[in-house]
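Readers should treat all values here as calculations from the given coordinates under stated rules, not as data from a laboratory. Owing to the predicted nature of the structure, the values given are computational and were not obtained by experimental measurement. Heads up, the Cβs are rebuilt from the backbone with ideal geometry, glycines too, and the neighbour counts pull from every protein chain shown.
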Amino acid sequence: MVLDMILALPLLGGAGFVAWRNQAAGWIAVAVNGVALALGVWVAIRAVGNAPLSGAEGLLRADALSAFMVVVIGTIALLASWIGVRTMAVEVAGGRCTPRRATTYGVLVQAFVAAMLLAVLAANVGVLWVAVEATTIITVFLVGHRRTRGALEASWKYLVICSVGIALAFFGTVLVYLCALHAGGHSASALDWTSLMARARHLDPSVLRLGFALIVLGYGTKVGLVPLHSWLPDAHSQAPAPVSALMSGVLLTVAFYAILRFKAVTDAALGPGFSRTLLVVVALASLAVAASLLLTQRDYKRMLAYHSIEHMGLIALGAAAGIPLAIAGVLLHIFGHGLAKSVLFLTSGEIMAAEGTSRIDGVHALLARRPTLGGVFGIGLVALLGLPPFSLFSSELLMARAEFQAGLGWAAVVALVAMVVIFVAVVGHARHMLLGAPSTPETLAPPPAWVATPLVMGLIACGLIGIFAWPLSGLLEAAAHVVTP
Amino acid sequence: MSSAYSSTLTLAAGAVLICAVVVLWVTSTRSMLIVVATQGTALGCVAMTLGVHVGDAGLIATAAVELAVKGLAIPVLIDRAAGGALDRERRPLVNVPASLVASAALIVLAFTAARGVATFVGATSGALVPVGVATLLVGFLVLVSRRRPIFQMVGLLLVDNGIALVAFLCTAGVPFLIEVGVSLDVLLAVVVLMVLAQRLRSEFGDLDLDELRELHD
């Protein structure tokens, strides 16, 4: 029942945009997303040490891992819909967007959130696929919201590349289904994740191997892993800031959640060796691509997008290690990255609205000229680069420790080298944007407090999780045990 | 009975692949639409034949959905997205004769690569699995070698139809509920592509996709 409500609430918020075509609808959406988050937290507390909840006649299921993902999605959705009120108000006031399109935007964002929630709550991996594909279709219009040439090009690329990727993931799912049927599964329930886990030992190894490889390639497209990552920087840089925040902060990791679920099945059937090799290869390739393209980046939204590819590589490497400690690190990293990256994208939207450019060399002396925005952006980058006290530091440490324990120490060292390169590149770009003396003395109005507050709160949350893991540690441990033997 | 079943199945599955190769051969949008509609119908026939053979009501319903969506709705939508009869592929990145040779190589590749799955499934339907994989690979070739938005849409459809064919042959289709979700997603994706193609045309005029160069590093 509570799971049905969690799914219905964002849709209710979407309906609000149709009913009241004004700013109040935006605040209603924020409120319902807040309630959905609160319900998610309740489910998460209950999921530790209890049997999984189910809903919608067994179609929905929430174990600790699903509950954790619901909390992550809820948190980022709350942040993004809050700033979304501001983004749309500015766009409508500036004449760049008609009220009608602002309504469409609101409805689509809420539908997007609901589709992600469905993906992580689905009991059946077929439904999971349908939900992930639905997120692609919904977000295409959000990426193209600004209707510029760049936005059009990005949305076309995004839809074509992600549709191909997700089609491959469907192919993989079909092969897994084939194995499950041959292992004695009943056609209606064979794709339920619990029944796949129960039959894992009887699945045909060679077909499953092919299936899992296609799933990593297919869902990996949506995660932004090499080789099908090229849509990501375009889509993330062209979308309105709250959409970039949702896409980068959670959509990527929702797709990774799908890989984690299938990885658990594959590991139970084939042992950890196969999935480990596959994930190490895509992880290191992603890190290498991110590092080399970050060095020469000239656009700060694209810089953030490539930074996502780096973090997805780190997460994939952590998952490759596969032991419970590693998965706990991966999940903590998913949350920390989601918070830091969405705050940064939301701030970059404000910076872009204020400065009128997304080029790195078009922005300078931000700390002196716009202390609030510059400060949040700078601290966000510190968090994202994995410096203490933020949670990305603890999760990267956790993952690295686990990788050494699992015999992947060499990969952890390679990852560290890539991270150092990225660190130097990003610090160089950030120095140009943030430091320096303003060329002309000017007084600029800071963003209103109701805009700055959620951004600062996001960073504080990211810091608090890093310092005190206590509200999460039980949940992380339980969630990690769901997908590890 | 059994031989009628296997020859119908082989014929319909073969038609799916032949349509994919014909897409490489045609350059005008109008004739391509006929090919797409034929392929969708052939795919529906595969599902229908299997459904009748095993007497599965869910699969017959799936076949009806498939016929309606891929045989009728999607071709009509693509027709509306096309910029009239003038829209044709003038300068594909790989020309037509070379594409056809490449498709032959891809078909051989598909038969080699899918042998494991084919023997695992067994029977007539198993033997046809490589046909689905070949359709998928030809779809990729269309995607990377054609430069008109409409042709890329069709490339995606070929990929999708190839996978749907494999799904029908391997497992007699995924469960009905999921199949409806999948068909709906495909239909919506085509609608979205159609809207985007229209916007692209009104923004850029008559364009080839590799002329899109706004975004780069």
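Put simply, the amide H of A:LEU60, placed in the peptide plane, has neighbours under 5 Å in A:GLY55, A:ALA123, leaving out anything fewer than 5 places away on its chain.
Can you put A:TRP20, A:TRP450, A:TRP231 in order of Cβ neighbours within 10 angstrom, beginning with the fewest?
Exposure proxy ranking, most exposed first: A:TRP450, A:TRP20, A:TRP231.
Compared with the dominant principal axis of the Cα atoms in chain A, helix A:125-143 is inclined by about 20°. Between A:LEU416 and A:ALA437, the FRET efficiency from the beta-carbon distance, with R0 = 41 Å, is close to 0.70.
Scanning residues 5 or more positions from A:ASP299 or on other chains, those with amide H under 5 Å from its amide H are A:ILE360, with H placed 1.01 Å from N in the peptide plane. Averaging over all projection directions, the Cα-based convex hull of the stretch B:1-106 occupies 7.7 nm² in the image plane. Peptide A:345-358 has a mean shielding of 0, counted as Cβ atoms of other protein chains within 10 Å of each residue's Cβ. Take the Cα of A:ALA445, go 7 Å toward its beta carbon, and the backbone nitrogen atoms of the stretch A:72-94 under 17 Å from that spot belong to A:86-94. Taking the Cα atoms only, what angle lies between the long axis of helix A:409-434 and the longest principal axis of chain A, rounded to 10 degrees? Compared with the principal axis, the helix lies near 20 degrees.
Scalar couplings 3J(HN,Hα) for the stretch A:288-304, obtained by applying the Karplus form with A = 6.51, B = -1.76, C = 1.60 to θ = phi - 60°, are 5, 5, 4, 5, 5, 7, 6, 4, 9, 6, 10, 10, 6, 5, 5, 4, 4 Hz; x denotes Gly and Pro.
Taking amide hydrogens as placed 1.01 Å from N in the peptide plane, the amide H of A:GLY185 sits under 5 Å from that of no residue at least 5 positions away in sequence or on another chain. With a Förster radius of 22 Å applied to the C-beta separation of A:THR194 and A:GLU477, the computed FRET efficiency comes to 0.65. Evaluated with a Cβ-only charge set (Lys, Arg +1; Asp, Glu -1), chain A carries a dipole of roughly 640 debye about its Cα centre, given to the nearest 20. Placing +1 on the Cβ of every Lys and Arg and -1 on the Cβ of every Asp and Glu, with no other charges, gives chain B a dipole of roughly 420 debye about its Cα centre.
Determine the shape class of the stretch A:135-265: with a ≥ b ≥ c the square roots of the Cα gyration tensor eigenvalues, call it rounded for a/c under 1.5, and otherwise prolate if a/b is greater than b/c, oblate otherwise. Prolate is the answer for the stretch A:135-265, as a/c is 1.5 or above and a/b outweighs b/c.
Binning the alpha carbon pair distances of the stretch A:2-482 at 20 angstrom intervals from zero yields the distribution 26, 60, 14, 0, expressed in whole percent. Enumerate the whole-percent occupancy of each 5 Å bin, from 0 to the last occupied one, for all C-alpha pair distances of the stretch B:82-217. Per 5 Å bin, starting at 0, the Cα pair percentages come out as 2, 9, 15, 17, 17, 15, 12, 8, 4, 1, 0.
Label-to-label distance, A:ALA285 versus B:SER31, with points set 7 angstrom from Cα along the beta-carbon direction: 3.8 nm. Exposure proxy for A:HIS236, A:HIS229: other Cβ atoms within 10 Å of each Cβ, ordered fewest to most, give A:HIS229, A:HIS236. Our analysis of the stretch B:107-157 gives Rg over Rh at 1.13, with the two radii drawn from alpha carbon positions and Rh computed by the Kirkwood formula. For A:LYS341, a cut-off of 18 angstrom between C-alpha atoms picks up these lysines, skipping any fewer than 8 places away in its own chain: A:LYS222, A:LYS301.
Distance between the 7 Å Cα→Cβ label points at A:VAL424 and A:ALA89: 4.4 nm. Legend: calculated FRET efficiency, B:ARG91 to B:VAL191, from the Cβ-Cβ distance at R0 = 30 Å, rounded to 0.05, equals 0.60.
Going from the residue with the fewest nearby Cβ atoms within 10 Å to the one with the most, A:HIS182, A:HIS145 rank A:HIS182, A:HIS145.
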